[in-house]
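**Q** The structure follows.
The values are calculated or read from the model by the stated rules, or taken from the named source; none is laboratory data. Note that the coordinates shown come from a computational prediction; the quantities given were computed from them, not determined experimentally. As a convention, Cβ positions derive from the backbone with ideal geometry for all residues, glycine included, and neighbour counts pool all protein chains shown. Each accessible area value is taken on the protein alone, full model and side chains, heavy atoms only, with ligands, DNA and RNA left out. Shrake-Rupley method; radii C 1.70, N 1.55, O 1.52, S 1.80 Å.
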Amino acid sequence: MAPPRSSWLQRFHPVANPRRRLVCFPYAGAGAAIFRDWAPDAGPEADLLAVRLPGRESRIGEPPLTRVQDAVPALLSALEPLGDRPLVLFGHSLGATLAYATARALVAQGRPPALLAVSGRRPPHAPSRRPSTRALDDAAFRARLAALGGTPPEVLACDDLMELMLPTLRADFAMSDAFLEPDPPPLAVPILAFAGTEDAEATVAEVAGWERLAGAGFSLRTLPGGHFFLHGQRASIVRSLTEENLQDNS
C-alpha cells in the first residue's frame with residue numbers, strides 16, 4: 001500500500017490490505033488532523049484518509065479556496081490511485097458539501113463511490129436559513145463562530161491567532177454559503193446522513209432532505225449533540241461507516 005501522493009490527502013495509520021477506503025472531509029476552518037483519532041475505530045479493514053484543503057496545516061502558505069467547484073478537480077486527481085478499493089466519502093458540514101460534489105464528479109467519470117455519508121449539513125438544493133457571512137465585520141464573524149460552538153473561546157479571544165486564522169475561515173464560509181444546486185438530479189450512490197438532535201445549524205428535518213438526492217438508497221442516523229456532535233459521537237459514526245451492508249455497495 002503506497003502513501004497518498006497528493007498534498008490533498010493525509011493517511012495517519014497505514015493499513016496493509018484494506019477492504020475499503022474511507023475518505024473524510026473536514027468542516028470549515030478545520031484540517032485533516034480532526035480525523036487523526038478515527039483510524040483505530042475504523043479497524044484493520046478500512047484505510048482512512050483525511051482531506052487537507054489549502055490554507056491550513058502543511059498547506060498554510062497556499063491561498064484558501066472560496067468555491068467548492070475549485071476543489072473538485074484536485075480531489076478527483078488525488079483519489080484516482082485509490083480506486084482499487086470501494087470508496088466511502090464522509091463529510092461534516094462544509095465537508096459534506098465537498099464530499100457530495102466529489103461523489104457527483106466521480107459518478108460522472110464512471111467510478112462512483114460505494115457510499116456518500118453526509119453529516120450536519122442541509123442538502124444542496126436547500127438554501128441556508130442564515131445570511132451570508134461575507135458582509136460581516138470581524139467582530140460579527142467571531143460572534144458567528146462562537147454561536148456555532150466549534151471554536152474554543154480562548155482561540156476566539158486571541159487576536160494574533162484569529163488574525164492568522166480568519167482568512168481561511170472566511171474563505172471556507174464563503175465556500176459553504178455559495179454552494180447551492182436548486183434542482184439536482186438523484187445521485188446513483190447510497191447516501192447515509194447523520195444529524196445531531198440539538199443541531200440548530202442543520203436540523204434533523206433539514207438533514208433528512210438528502211433523501212431527495214438518494215438514487216440508490218438512503219439512511220438517516222440521529223445522534224445526540226449540537227452542530228459538532230461528530231466529536232462526541234465518533235465511535236458511533238465510524239461504526240456506521242464500516243458496516244458491510246453500507247460499504248460494499250460498489
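**Q** Are any residues in segment 45-54 assigned to a loop (DSSP other than H, G, I, E, B) and over 16 Å from the mean Cα position of the chain (by Cα), and if so, which ones?
**A** Glu45, the sole residue that qualifies.
**Q** If you go through segment 12-31 one residue at a time, do you hit one that is of a type outside the set (Val, Ile, Thr), farther than 20 Å from Ser176 by Cα, in a loop (DSSP other than H, G, I, E, B) and under 18 Å from the mean Cα position of the chain (by Cα)?
**A** Yes, segment 12-31 contains at least one residue that is of a type outside the set (Val, Ile, Thr), farther than 20 Å from Ser176 by Cα, in a loop (DSSP other than H, G, I, E, B) and under 18 Å from the mean Cα position of the chain (by Cα).
**Q** Next question. Can you name the number of the only condition in (1) in contact with a strand residue (DSSP E or B) (Cβ under 7 Å, 6 or more places away or on another chain); (2) modelled with pLDDT of 95 or more that His227 fails?
**A** (2)
**Q** So how many residues does segment 4-17 have that are in contact with a Leu (Cβ under 9 Å, 6 or more places away or on another chain) and either open to solvent by less than 40 Å² (accessible area, probe 1.4 Å) or over 14 Å from Arg36 (Cβ atoms) (or both)?
**A** 7
**Q** Can you pull out the residues in segment 45-68 that are over 24 Å from Phe141 (Cα atoms) and either open to solvent by 20 Å² or more (accessible area, probe 1.4 Å) or of a type outside the set (Val, Ile, Thr) (or both)?
**A** Glu45, Ala46, Asp47, Leu48, Leu49, Ala50, Ser58
**Q** Would you point out the residue of segment 135-161, among those that are open to solvent by 60 Å² or more (accessible area, probe 1.4 Å) and charged (D, E, K, R), that is modelled with the highest pLDDT?
**A** That would be Asp137.
**Q** Hey, can you tell me all the residues within segment 173-203 that are outside any loop (DSSP other than H, G, I, E, B) and over 17 Å from the mean Cα position of the chain (by Cα)?
**A** Residue satisfying the conditions is Leu187 alone.
**Q** Please state which of the following conditions Leu164 fails to meet, knowing it meets all the rest: (1) open to solvent by less than 60 Å² (accessible area, probe 1.4 Å); (2) farther than 30 Å from Thr222 by Cα; (3) of a type in the set (A, V, I, L, M).
**A** Checking Leu164 against (1) open to solvent by less than 60 Å² (accessible area, probe 1.4 Å); (2) farther than 30 Å from Thr222 by Cα; (3) of a type in the set (A, V, I, L, M), the one that fails is (1).
**Q** Now for a different question. Kindly indicate whether any position in segment 34-44 is open to solvent by less than 10 Å² (accessible area, probe 1.4 Å), hydrophobic (A, V, I, L, M, F, W, C) and part of a loop (DSSP other than H, G, I, E, B).
**A** No, there is no match, as no residue in segment 34-44 is open to solvent by less than 10 Å² (accessible area, probe 1.4 Å), hydrophobic (A, V, I, L, M, F, W, C) and part of a loop (DSSP other than H, G, I, E, B).
**Q** All but one of (1) within 18 Å of Leu192 (Cβ to Cβ); (2) crowded, with 22+ Cβ neighbours inside 10 Å hold for Leu79, so report the exception by its number.
**A** Exception for Leu79: condition (1).
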